[in-house]
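Working notes, structure below.
Computed from the coordinates by the stated procedures, all read-outs in this text should not be read as laboratory data. Just so it is clear, the model here is predicted, and its values are computed rather than measured. Here the Cβ is made from the backbone with ideal geometry for all residues, glycine too, and neighbour counts use every protein chain on show.
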Amino acid sequence: MKLAEALQLRADMNRRIEQIVNRLSNNSLHQEGEKPLEDPAVLLKELNETLGELQKMISKINLTNCKTILDGVTMTEKIAERDCLQKKIGIYRTFINEASQGTRRARMSEIRILPSVNVSDLQKQADQLSKELRLLDNRIQETNWKTELIEK
């Protein structure tokens, strides 16, 4: 199995767990004299089995990422780089949006509020970071589809 397929399975398991949790919530209470629509004990068993499968899959994915090399470093390091780059871009975009907010003055005597940075320059930096993120993410995805999952 390729690493990319394992990542898709992990996402499917996470969705499945979320669905089971919702079903548990929907069946946590019932009217006296009635039965819940689904047996919570069966749902809990299904939840525990799915969580066990998820734990095994996460371990295999993490092991594979630790042993797979991309551009001279492990996939784990590349994923951390991607995650931090995404966070940085988000912070830049928020800051750019805030610095771009114009304030209206009713009278010329009111205090003018000006951006504390050159918004245009910062926007160019954010665009460059976004390009780097796209390229990095493409390399990670390409590697995921070429790498066999380590099954232990």
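Given springs between every Cα pair under 10 Å in a Gaussian network model of the chain, which of Lys35, Lys88, Lys45 has the largest fluctuation? Maximum among the listed residues: Lys35. Taking the convex hull of the alpha carbon positions in the range 39-152 and averaging its projected area over all directions gives 13.3 nm². Considering only Arg134, Arg82, Arg112, the Gaussian network model of the chain with Cα springs below 10 Å gives its largest mean-square fluctuation to Arg112. Once the C-beta distance of Leu51 and Thr76 is scaled by a Förster radius of 25 Å, the resulting FRET efficiency is 0.65 to the nearest 0.05. Taking the inverse of the mean 1/r over every pair of distinct Cα atoms in the range 1-67 gives a Kirkwood hydrodynamic radius of 13.5 Å.
Legend: distances between Cα atoms for Lys2/Lys124; Lys78/Lys152; Lys88/Lys152; Lys56/Lys78; Lys35/Lys56; pairs beyond 30 Å are Lys2/Lys124; Lys88/Lys152; Lys35/Lys56. Here's the picture: a label point sits 7 Å out from the Cα of Gln123 along the beta-carbon direction, and within the range 84-104 the residues with their amide nitrogen under 16 Å of it are 92-103.
Here the gap between Gln141 and Arg107, fully extended at 0.36 nm per residue and compared with their Cα-Cα distance, gives a gain of 6.7 nm.
Computed from the Cα positions only, the extents of the range 101-152 along the three principal axes stand at 72, 21, 13 Å, in decreasing order. Mean-square fluctuations from a GNM of the chain, with a 10 angstrom spring cutoff on Cα atoms, peak among Glu46, Glu38, Glu132 at Glu38.
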